[in-house]
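Working notes, beginning with the structure itself.
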Amino acid sequence: MSTQVSIVEVAPRDGLQARKEHIETAHRIELVERLRRSGVARMEVGAFVSPQRVPRMADTAEVMNAVGASERAGDMVLVANERGLEQALEEGARAIAVFTAASDAFAEKNIGSTVAASLERFALIVTRARYAGVFVRGYVSTITDCPYAGPVDPIAVAPVAKALRDMGCQEIALGETLGKATPARIAAVVEAVAREVPISAIAAHFHDTYGMGIANVWEAVRLGIRTVDAAAGGLGGCPFAPGAAGNVATEDVVYLLNGQGMETGIALDPLLDAVSFCATTMGIAPTSRVYKALRSV
Ligand code: HMG
Ligand code: MG
């Protein structure tokens, strides 16, 4: 099996979407550019969602323009609805992500509809995006736990993943939104989903609230997943998932995979420079162990 793992850097989107403080657009732009310099090839640069509900993503068009996202197949934006798709296409997005969940309770809080209704809505959006030649990822959030309804049965995740795949999503990202699960629960979900979606089309998107993120990433890789989401500095969180911490940190994932003889194409030192930029210029404290080990004084 391949030793190459593709990391999708999500700090400029997931990492910043739930911040309480104002974020300068120039800082979001510089973060994207610094992350790129470390070798990141795929990155979520923003989201076309309701600015009333997620104000930190309101400058996504400006960020996309400044970083030349329309020229880069690896730059992705989240799209919540038809209007979001229009905006993404207008800005020349080459990759989008639609997002639903395995739990109705979370979907209703996050995107204002049940899972079934969201799938109906996204079918048209995905068809249109694919017709325009845009790469489409489909997220399934709350794969093991829902902040409102508790534990989620792995069997509930697979049909949502299959529905996204059937409507044309080229990649299915499994979102462990709360960062609570341990590897055995991740394995149960991955095995259930892999019966419906080829493992090469599955991505792991794990939050790290209980410190299980790195163990869960390794479990996913061990099971054959080769696309892993991570956020520099361990930034992240969803405004509609109370109690959830950031994503598993990119530098922790790169350190893990390097040590296990795998390749990511990302150089640790410039990546840590990007995390330092978050810490010093943006005032966002990193949570990662590797950053603390290598850069804290
Ligand atoms: P809604 O409030 O149910 O209804 O939004 P609406 O469609 O009537 O919209 C409300 C207002 O937002 C209206 O403004 C719309 O015009 C505006 P008003 O008329 O009141 O002045 N609006 C927009 N404006 C600009 N661009 C748009 C847009 N859409 C609406 N695209 C909606 C429904 C789905 C839009 C809303 O609920 C929404 O934006 N949800 C997104 C929430 C979100 O971004 N969550 C975080 C990302 S998901 C995540 O983090 C999980 C993930 O990381 C995986 C994991 O960890 O599990 C991906
Ligand atoms: Mg997330």
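Nothing in this text is a laboratory measurement; each read-out follows from the coordinates by a stated rule. What you see is a predicted model; the values in this text were computed from it and never measured. Please note: Cβ atoms are built from the backbone with ideal geometry, for glycine as well, and neighbour counts cover all protein chains shown.
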Give the number of residues within region 129-144 that are more than 16 Å from ligand 2 (Cβ to nearest atom) and part of a strand (DSSP E or B).
-> 2
Residue under evaluation ALA231, criteria (1) crowded, with 23+ Cβ neighbours inside 10 Å; (2) over 18 Å from SER6 (Cα atoms), criterion not met = (2)
What number of residues within region 247-267 are more than 17 Å from ASN216 (Cβ to Cβ) and without any contact (Cβ under 8 Å) to a residue 24 or more places away in the chain?
-> 1
Scan region 165-200 for residues that are crowded, with 20+ Cβ neighbours inside 10 Å, within 16 Å of the chain's Cα centre (by Cα) and not β-branched (Val, Ile, Thr) and report the count.
-> 8
Out of ALA244, ALA156, sole residue that is more than 27 Å from GLY261 (Cβ to Cβ), out of contact with any helix residue (DSSP H, G or I) (no Cβ under 8 Å at 6 or more places or on another chain) and within 13 Å of ligand 1 (Cβ to nearest atom) = ALA244
Going by the conditions given, is ARG128 among the basic types (Lys, Arg) and either touching a Leu at 6+ places or on another chain (Cβ under 8 Å) or more than 30 Å from ALA66 (Cα to Cα) (or both)?
-> yes
Picking from ALA26, ALA18, the residue that is surrounded by fewer than 23 Cβ atoms within 10 Å (Cβ to Cβ), away from ligand 2 (no atom under 15 Å from the Cβ) and of a type in the set (Gly, Ala, Ser) would be ALA26
In this structure, is ALA184 touching a Pro at 6+ places or on another chain (Cβ under 8 Å) and in a helix (DSSP H, G or I)?
-> no
Is there any pair linking a residue in region 165-184 that is within 16 Å of ligand 2 (Cβ to nearest atom) to one that is among the basic types (Lys, Arg), with Cβ under 8 Å and at least six apart or on different chains, and which?
-> GLU171/ARG137; ILE172/ARG137; ILE172/ARG165; ALA173/ARG137
Working carefully through the options VAL45, VAL8, find the one that is closer than 30 Å to LEU256 by Cα, more than 14 Å from ligand 2 (Cβ to nearest atom) and surrounded by 23 or more Cβ atoms within 10 Å (Cβ to Cβ).
-> VAL45
